[in-house]
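Remarks on the structure that follows.
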Amino acid sequence: MQGVIPSHVVTCSHDGTPNASAISQVYYVDPDHVALSHQFFNKTKRNIEENPRAVVWVVNPETFESWDLELEFVRSETSGSVFEVMEMQIEAIASMVGMKGIFKLRAADIFRVISAAKAVGERIPPAEIPAPR
Amino acid sequence: MIPDRVVEVLHGPSYIQLGSRDDALRPAHTMAVGALVHDDRRTVTVFVPAARSERVLRDLAGNGRVAVGVALASHEAYQLKGTYVSSRPTDDADRVRQEAYRAALLQSALEAGYPDALARPFCLGFAYTPGVAITFRAEEVFLQTPGPGAGSLLA
């Protein structure tokens, strides 16, 4: 959860339509909570207001293992330490990826972590990947 | 009908994710390793690792609702929403397509400026065999590139 590799989030509307989207930042809050960056008034935001469940896919940029975090929306924060740190990190990510002025943190959406499971079978270990020729 | 540009992005190299949900509206996710848009321009097959397919196939068999997000390293992104049609184990032709997809994905990441030490293990690290080909009918296509038009319906 260091923002090096974009994460993905899937939510579901009240009428049962899933929504799959990339997300700039998944921020570790404490052992039971993470915060997702809310940058746009989009379907992900509307869905979690209707149905608080979400699943987030994150990749460890050192081991390249992927994980699924099953989440439940708790609240949005627009001030405070979590928001301020995420705001700084979003600005840094925006500069790196050419999205300055487009990526802007509106809120830090706090989620309770229901489960964290390694995405077994999804990744090939780096040691098994051929080196460049 | 899926717009020309979205067909190009689906054929890659692009990052593809599939979302589903169960009867309790709990979402599920898996990455896909390649996609194929069929001649009717409405039917799409995505290839997912078999090890990650069990939950999404159970969801799709139960309610049929599927969302597929597709994005380039440039952040150009789209989302297709539709209805599950069928699934089958991937075959030799699929694997040839997937191997080309993985090589192109790595090349695109390197061209975008990502260092080899990051791009190679990430792009070539998507497990693709054994795989499952999941076919769905796209009913809506949305623009998802970050910016003012994000979320707009394209088709």
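Points to keep in mind about this one:
- Partner lysines whose Cα lies under 17 Å from the Cα of A:LYS118, excluding those fewer than 8 positions away in the same chain, are not found.
- Whether the stretch A:15-87 is rounded, prolate or oblate, judged on the alpha carbon gyration tensor where a/c under 1.5 counts as rounded: oblate
- Length-normalised contact order for the stretch A:7-119 - Cα pairs under 8 Å, 6+ apart - percent: 31
- Three-way shape call for the protein assembly as shown based on the alpha-carbon gyration tensor, with the a/c threshold at 1.5: rounded
- Chain A: radius of gyration over Cα atoms, expressed as a fraction of 2.2 N^0.38 Å: 1.09
- Gained length - B:ALA93 relative to B:ALA117, 0.36 nm times residue gap less alpha-carbon distance: 5.7 nm
- Net charge of neighbours whose Cβ lies under 15 Å from the Cβ of A:ALA127, counting Lys and Arg as +1 and Asp and Glu as -1: -1
- All lysines inside 20 Å of A:LYS45 as judged from Cα atoms, apart from same-chain residues fewer than 8 positions distant: A:LYS104, B:LYS81
- Mean residue ellipticity at 222 nm, helices only, chain A: -6000 deg cm²/dmol; runs of at least 4 DSSP H residues each add -39,500 (n - 2.57), and the sum is divided by the number of residues.
- Sequence-ordered 3J(HN,Hα) estimates for the stretch B:72-87 from the Karplus curve with 6.51, -1.76 and 1.60 and θ = phi - 60° stand at 9, 4, 6, 5, 4, 8, 9, 9, 10, 10, x, 10, 4, 10, 6, 8 Hz, glycine and proline given as x.
- Label-point separation in nm, A:GLU128 to B:ASP40, each point 7 Å along Cα→Cβ: 3.6
- Residue exposure proxy: A:GLU50, A:GLU91, ordered by other Cβ atoms within 10 angstrom of their Cβ from fewest to most, comes out as A:GLU50, A:GLU91.
- Measuring nothing but how far apart in sequence close Cα pairs (under 8 Å, 6+ apart) lie, relative to its length, the stretch B:48-92 scores a relative contact order of 30 percent.
- If the segment from B:THR145 to B:ALA51 were pulled out straight at 0.36 nm per residue, it would be longer than the present Cα-Cα gap by 30.9 nm.
- Across the stretch B:114-126, rounded Karplus estimates of 3J(HN,Hα) from the backbone phi angles (6.51 cos²θ - 1.76 cosθ + 1.60, θ = phi - 60°) give 6, x, 4, 4, 9, 5, 5, x, 6, 6, 7, x, 6 Hz, Gly and Pro being marked x.
- Taking every alpha-carbon pair under 8 Å whose residues sit at least 6 apart, the stretch A:1-68 reaches a relative contact order of 38 percent.
- Under a model in which nothing but the beta-carbon of Lys, Arg (+1) and Asp, Glu (-1) is charged, the protein assembly as shown shows a dipole of about 320 debye around its Cα centre.
- GNM on chain B, alpha-carbon springs under 10 angstrom: the most fluctuating residue among B:VAL56, B:VAL141, B:VAL85 is B:VAL85.
- Amide H contacts under 5 Å for A:GLN25, placed H, 5+ residues apart: A:SER37
- Förster-model FRET efficiency, 35 Å R0, B:SER74 and A:HIS33, C-beta, rounded to 0.05: 0.60
- When restricted to Cα atoms, the stretch B:4-143 yields an Rg and a Dmax of 14.4, 42 Å, respectively.
- Relative to its Kirkwood radius, the Cα radius of gyration of the stretch B:73-155 gives an Rg/Rh of 1.04.
Each reported figure results from applying straightforward, stated rules to the coordinates on display, with no laboratory input. Remember, it's a predicted structure, so these values are computed and weren't measured experimentally. Positions of Cβ are generated from backbone atoms using ideal geometry, with glycine treated the same way; all protein chains shown enter the neighbour counts.
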